[in-house]
Every structure is written in C-alpha cells, then in structure tokens.
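The structure under discussion appears below in the form of structure tokens.
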Amino acid sequence: MAFRAFHKPPPPEPVPIFGEPPIPLEFLRDLFAWLERPEAPTCTHAHKDTIRFLVDRDLPAEPVLKWLRAGGGYCDCKVVTEVAGKWREKQVEQG
Ligand SMILES: [Zn+2]
C-alpha cells in the first residue's frame, strides 16, 4: 500500500499564459484545419502532424510547439481538443 503514496496525482498546474501565437493567424487556422481533417491518422501522442505542417511551410517549429504546449497541446490530438477550441473562444471574446 505504501507504493500508492508515490502515485498521488500532481497538484493542478497554474493556467499557463496563452499569449500571442508565434506564427501568423492564417497559418494557425490552417494548422488547426489540417489537424482536424477527417482523414487524419490516429494521434501517436507526439506532434508528428504539427511538425510536418510547420516544416512544409518553413515555419519555426520550436516556438510554435512551445506555444501549443502552453495551451495544453501536448500532442496532435491535444492541439485540436485543447488549443484549437480555447483559442477560437478567445478570438470570439476579443471580437
Ligand atoms: Zn494525442
């Protein structure tokens, strides 16, 4: 039973600052659309498709991945479920 003590859930992380995206908005929209495409393969819990998108367009991968992770986008499917949704809400709030 002592073993279980090491597996306590971590304390909730503070909400990260979800600042300005490091790439132009039109690329961000295209990225979300690409990740949400109906024929998208099952997420491998990596940023495989995100990186492919960025590399294909000569965009800087590292700052974008950092920005996505700050919004909870730890892999391709999380980018869609966590970042794309939140970011769209934010855009609506800002008008
Ligand atoms: Zn995933």
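Quick note: the coordinates plus some simple rules give every number you see, no bench work behind them. Values in this document were obtained by computation on a predicted structure and should not be read as measured data. FYI the Cβ positions are ideal-geometry reconstructions off the backbone, even for glycines, and counts take in every protein chain you see.
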- Message: Quick one: the Cα spread of the range 26-94 along its three principal axes, in angstroms, biggest first?
- Response: 30, 24, 20
- Taking a crude spin-label model, label points 7 Å out from Cα along the C-beta direction, the D58 to E39 distance in nm is 2.7
- Message: Give the aspartates and glutamates whose C-alpha is closer than 18 Å to that of K86, dropping any in the same chain fewer than 8 places away, or say none.
- Response: E13, E20, E26, D30, E36, D76
